[in-house]
């Protein structure tokens, strides 16, 4: 495990126009972004613990219809975990040597709408890479062999340049030793540990735990920078998707990620 990728997914102000919901029981659901061409699922096909996709859209006053196609990715609640990436974001991952054994932590914009809660950047899932499949032909072949539908291998994939999918390990591993029962999954409930946003700040002002992130001068490989390294604060800028950390520079960050999965996965 050399790279940790903080991967932004789900609804945002441009795609969907709203946060994803945190419910009163603490559960949370990342609503996938809309897709303007056919994909395996429409919003009405989604289901979250018995809550329909249509009801989810109403909960957050989304700017999409339940009959619209959605880009249901990553797949973290299935037998095989899969995350698809393409275009410049995929080039960024490849150029920064993201490969097997590395770990994605997925986050997005969340809010508890029923109590007019705070706007938060919140982690919702993880995926440790087992293998990487590049090219639409190879992707479609893998999905067909495993009877899986995924937007990066469905119908006309010509819109996905640099088309790539990341397949999850069955078990979370460190140095070839199993450390957790699942190599991919969703965090069950909201928790302060999973929230990036600093208290009483806008959602793009992050406070990372100094216990793990101190002495991390050269941690960020792309786009992200410390606002105050000593206080472990970050000002998240722009609409980038993949924020890549070189955790060989600070192995404590690896411990942070693993502990989150063990405690909340």
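Read-outs: derived from the displayed coordinates by stated rules, not from any lab. Please read these numbers as outputs of a predicted model, since none were measured by experiment. Glycine gets a Cβ as well: all are built from the backbone with ideal geometry, and neighbour counts include every protein chain shown.
Volume of the convex hull of the stretch 160-234 (Cα atoms only), normalised per residue: 190 Å³. Distance from the alpha carbon centroid of the stretch 127-147 to that of the stretch 58-79 works out to 22 angstrom. Listed by Cβ neighbour count within 10 Å, with the fewest neighbours leading, 110, 124, 196 appear as 196, 124, 110.
Between residue 47 and residue 215, 0.36 nm times their residue separation minus their Cα-Cα distance comes to what? Full extension from residue 47 to residue 215 adds 56.2 nm. With the convex hull drawn around the C-alpha atoms of the chain, the volume per residue stands at 122 Å³. Extent of the stretch 37-87 along its three principal axes (Cα atoms, max minus min coordinate, largest first): 28, 27, 16 Å.
For the chain, a Gaussian network of Cα nodes joined below 10 Å ranks 75, 245, 174 by mean-square fluctuation, and the top entry is 174. Helical runs (DSSP H, four residues minimum) scored at -39500 (n - 2.57) apiece and divided by the length of the chain put the mean residue ellipticity at 222 nm at -5000 deg cm²/dmol.
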